[in-house]
Amino acid sequence: MTERTRDEIAGEDRAVLPSGVVPGQTRLGPAHAAPRGGAVRAQARWVHLRAFMENKLAVAGVVFVVLMFLFCFVGPLFWHTNQVTVAMFNTNKPPGGKHPLGTDDLGYDVLGRLMSGGQASLEVGLAVALIATGVGVIYGVISGYVGGITDAVMMRVVDIVLAIPVVYLFIDLAATFRPTLWLLIVVLALLSWLGPARLVRGETLSLRVREYVQAVRAMGGRSGRIITRHLVPNTIGTIVVNATFQVADAILTLAVLSYLGFSLPPPAATWGGMLENGVNFLYDGYWWEIYPAGALIVLTVVAFNFIGDGLRDAMDVRLQRR
Amino acid sequence: MTSYIIRRLGQAVIVILGVTLLVFILRHLLPGSIARAILGVHASPQTIADFNKANGLDNPLPLQYVDYLNQLIHGNLGYSFKQNMTVDSLIGSELPNDILLVGVSMVLSLIIAIPLGLVQAVKRNSITDYTATGVSFILYSMPSYLLGLLLIAFFAVDLRLLPASAPDASSLSGVLANPAGLVLPVVTMTLVTCALFSRYMRSSAIDGLAQDYIRTARAKGVGTRGILFKHLMRNSLIPVITLIGISLPGILTFGLIVEQLFNFPGVGLSYYNAAVNGDYPVVYGVTVLVALVTVLGNLFADIAYAVLDPRVRYD
């Protein structure tokens, strides 16, 4: 009971934290399995999958994300719109006819713009999560495994970058550089790996003193082998769960930055940018320029959060059944 | 205890030094030079050389950094050439407004979130719990400006009850003279912070409920209300201190967004305007200040926690 609650709380901690900040050591991941045989491991995987499928909200999250991908990446193949040149004779049209969701103040079709804006959001979200997690895992595992002064120095570096809130740090950079999609991804990733790094370091600290790690060392296994074959695989649960939340956080941060105007330059579309533009027409009642983009941001972030919650509970299976 | 506090202080000093170094590097990342960024594209080489000499920008970088640190230690955050005033005086006139906005919404959200989290924990998996969890889930999955936007659309545009922007004044008395304009910014800040806090309070209280002392109190015959307020609440309040500490970066970010959305005359809005206008001294000055607040907030939270909860020790 206590174990279960602790994990639950640990998971809920993330909810509490503003995007980009993760209380490294305080969040406990799923318990760690000692290395097991292939068959057992395969069976365990099924248990996880079944546990995940039982979580209706998580499955709904997956379904929504898949639909969102189809909408953003396959949608434009069927719904051809001009998202580059301005059409001044066709601005602020209410929904209907040739434009199911109307047009905005530059004459862009809102439905088509939602699709291309979604591409940016999903690409940035996934790429940032992937890069940040990769960097964070390597950094964290080295810091935790080597320990001592190296660890202290590496963790102070994390503290330093964490001391400046992500949005402020990004605006500092964006005030001087005009972001492109890749620059945006790289910078956001550079600001997001701190959470996973702290998390993985905490896990590594507790894992490296386990008996099986000592056994590998006693049998002459090198540090590289211990790290790649034992430490990283055993933190994979935590890593995957955290990466899912990273996607949600990155999409949210991108939305905030686009809203503040520090994101892709026009004519590129982002959901946050559409909102920023739509605000100007709040008093004119052009609801289609505001609410669809807002709804998609919230729904996508909620979906990724549901998936993350579901994954965390699914990885907990052994604890639940014990 | 003393050694813990000393070590924690040492860490904070190192982190603050690191932050100043980071901002110093950011300053020098400016394309061209600082002088070029401030004097504009039409400045002659002679003007730039004079400017560099006058401001010590022709010294070697390490010396410049020491100089920069020296300025910061003396409380000098920089000089805005665009607005022709020191960053200190700019921030100084706006800081009280921020303290008002953040302070009031922080107190309000604690008043709402602590009892709410307790009730959620005690009545776990009830309709109340699910509703509150669902609402806070949506609130923190929402970019905070969207919430403010919805509030504006409903209360200012549809109902015409409240003004959509903050009072158009720069001083604290001016802001206070028009309290109606404060309602929407404060409500937005409160709701977002509340979603953060109640969730944490709920898990902290659930953890507390499983503890032995609750069972002992119950066995001794303490009533539900006594357990709730005397035992559970007191023990669950300790993590809230940490929570306030770690939430500071998030709250400062919300502050920036809310100020931008409602045109609230605070440091966040100045920072935003400075970033848009390329007023770099203000941008970097505010960044250092924000980082300082974050680090000190975490430091105080950690020390307060160690003082209040004797079980916490530094290894």
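The values are calculated or read from the model by the stated rules, or taken from the named source; none is laboratory data. The shown structure was predicted, so the numbers you read here are calculated from the model rather than taken from an experiment. With ideal geometry, Cβ positions are generated from the backbone for all residues, glycine too; neighbour counts draw on all protein chains shown.
Values as computed for the structure displayed
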quantity: Some residue of region A:303-319 being closer than 23 Å to A:HIS48 by Cα and touching a Lys or Arg at 6+ places or on another chain (Cβ under 6 Å); calculated: yes
quantity: Filter result (farther than 16 Å from B:LEU61 by Cα, in contact with a helix residue (DSSP H, G or I) (Cβ under 8 Å, 6 or more places away or on another chain) and away from every other protein chain (no Cβ under 11 Å)) within region B:1-38; calculated: B:MET1, B:TYR4, B:ILE5, B:ARG8, B:LEU9, B:ARG36, B:ILE38
quantity: Any hit, region B:39-62, residues being surrounded by 14 or more Cβ atoms within 10 Å (Cβ to Cβ), of a type in the set (S, T, N, Q), more than 14 Å from chain A (Cβ to nearest Cβ) and assigned to a helix (DSSP H, G or I); calculated: yes
quantity: Residue within region B:98-112 that is in contact with a Ser or Thr (Cβ under 8 Å, 6 or more places away or on another chain), crowded, with 22+ Cβ neighbours inside 10 Å and under 30 Å from B:ILE238 (Cα atoms) present; calculated: yes
quantity: From the options B:VAL119, B:VAL107, B:VAL135, B:VAL102, residue that is farther than 30 Å from A:PHE281 by Cα, at pLDDT 85 or above and either in a helix (DSSP H, G or I) or away from chain A (no Cβ under 13 Å) (or both); calculated: B:VAL107
quantity: Evaluation of B:SER236 against (1) within 12 Å of another protein chain (Cβ to nearest Cβ); (2) in contact (Cβ under 8 Å) with a residue 60 or more places away in the chain; (3) under 30 Å from A:ASP172 (Cβ atoms) (one fails), failing number; calculated: (3)
quantity: Every pair of residues 6+ apart whose Cβ atoms lie under 9 Å, when the first sits in region A:214-229 and is in contact (Cβ under 8 Å) with a residue 40 or more places away in the chain while the second is outside any helix (DSSP H, G or I); calculated: A:ILE226/A:ARG208
quantity: Failed criterion for B:PHE197 (all others in (1) surrounded by fewer than 23 Cβ atoms within 10 Å (Cβ to Cβ); (2) part of a helix (DSSP H, G or I) hold); calculated: (1)
quantity: The lone exception for B:PRO163 - which of (1) assigned to a helix (DSSP H, G or I); (2) within 14 Å of another protein chain (Cβ to nearest Cβ); (3) not small (Gly, Ala, Ser) it fails; calculated: (1)
quantity: Total residues in region A:149-168, condition at the interface with chain B (Cβ under 8 Å from one of its Cβ atoms), of a type in the set (A, V, I, L, M) and either more than 19 Å from B:ILE14 (Cα to Cα) or touching a residue at least 24 places away in the same chain (Cβ under 8 Å) (or both); calculated: 4
quantity: Single condition B:THR188 does not satisfy, out of (1) surrounded by fewer than 24 Cβ atoms within 10 Å (Cβ to Cβ); (2) among the β-branched types (Val, Ile, Thr); (3) in contact with a Ser or Thr (Cβ under 8 Å, 6 or more places away or on another chain); (4) more than 13 Å from every other protein chain (Cβ to nearest Cβ); calculated: (1)
quantity: Number of the condition not met by B:TYR271 [criteria: (1) aromatic (Phe, Trp, Tyr); (2) surrounded by fewer than 23 Cβ atoms within 10 Å (Cβ to Cβ); (3) under 18 Å from the mean Cα position of the chain (by Cα)]; calculated: (2)
quantity: In region A:173-186, the residues that are within 12 Å of chain B (Cβ to nearest Cβ) and either at pLDDT 80 or above or not in a helix (DSSP H, G or I) (or both); calculated: A:ALA175, A:THR176, A:PHE177, A:ARG178
quantity: Residue match in region A:291-310 (condition: closer than 21 Å to B:LEU256 by Cβ, in contact with a Ser or Thr (Cβ under 6 Å, 6 or more places away or on another chain) and not in a helix (DSSP H, G or I)); calculated: no
quantity: Restricting region B:153-166 to residues that are surrounded by 19 or more Cβ atoms within 10 Å (Cβ to Cβ) and touching a residue at least 40 places away in the same chain (Cβ under 8 Å), the residue that is farthest from B:ASP98 (Cα to Cα); calculated: B:ALA164
quantity: Test: residue in region B:171-184 that is crowded, with 16+ Cβ neighbours inside 10 Å, within 14 Å of another protein chain (Cβ to nearest Cβ) and either under 18 Å from B:PRO265 (Cα atoms) or over 17 Å from the mean Cα position of the chain (by Cα) (or both); calculated: yes
quantity: Residues within region B:110-137 that are within 15 Å of B:MET189 (Cα to Cα) and either in contact with a Leu (Cβ under 6 Å, 6 or more places away or on another chain) or without any contact (Cβ under 8 Å) to a residue 40 or more places away in the chain (or both), tallied; calculated: 1
quantity: Scope region B:138-158; condition within 11 Å of chain A (Cβ to nearest Cβ), part of a helix (DSSP H, G or I) and in contact with a Leu (Cβ under 8 Å, 6 or more places away or on another chain); matching residues; calculated: B:LEU139, B:TYR140, B:TYR145, B:LEU146, B:LEU147, B:GLY148, B:LEU149, B:ILE152, B:ALA153, B:ALA156, B:VAL157
quantity: So B:THR242, is it touching a helix residue (DSSP H, G or I) at 6+ places or on another chain (Cβ under 6 Å), at pLDDT 75 or above, away from chain A (no Cβ under 13 Å) and in a helix (DSSP H, G or I); calculated: no
quantity: Total residues in region A:266-296, condition more than 10 Å from every other protein chain (Cβ to nearest Cβ) and of a type outside the set (Asp, Glu); calculated: 14
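Rundown of residues vs (1) modelled with pLDDT of 80 or more; (2) in contact with a Gly (Cβ under 6 Å, 6 or more places away or on another chain); (3) surrounded by fewer than 24 Cβ atoms within 10 Å (Cβ to Cβ), yes/no style:
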| residue | (1), (2), (3) |
| --- | --- |
| A:ASN242 | yes, no, no |
| A:ILE251 | yes, yes, no |
| A:LEU257 | yes, no, no |
| A:LEU264 | no, no, yes |
| A:GLY273 | yes, no, no |
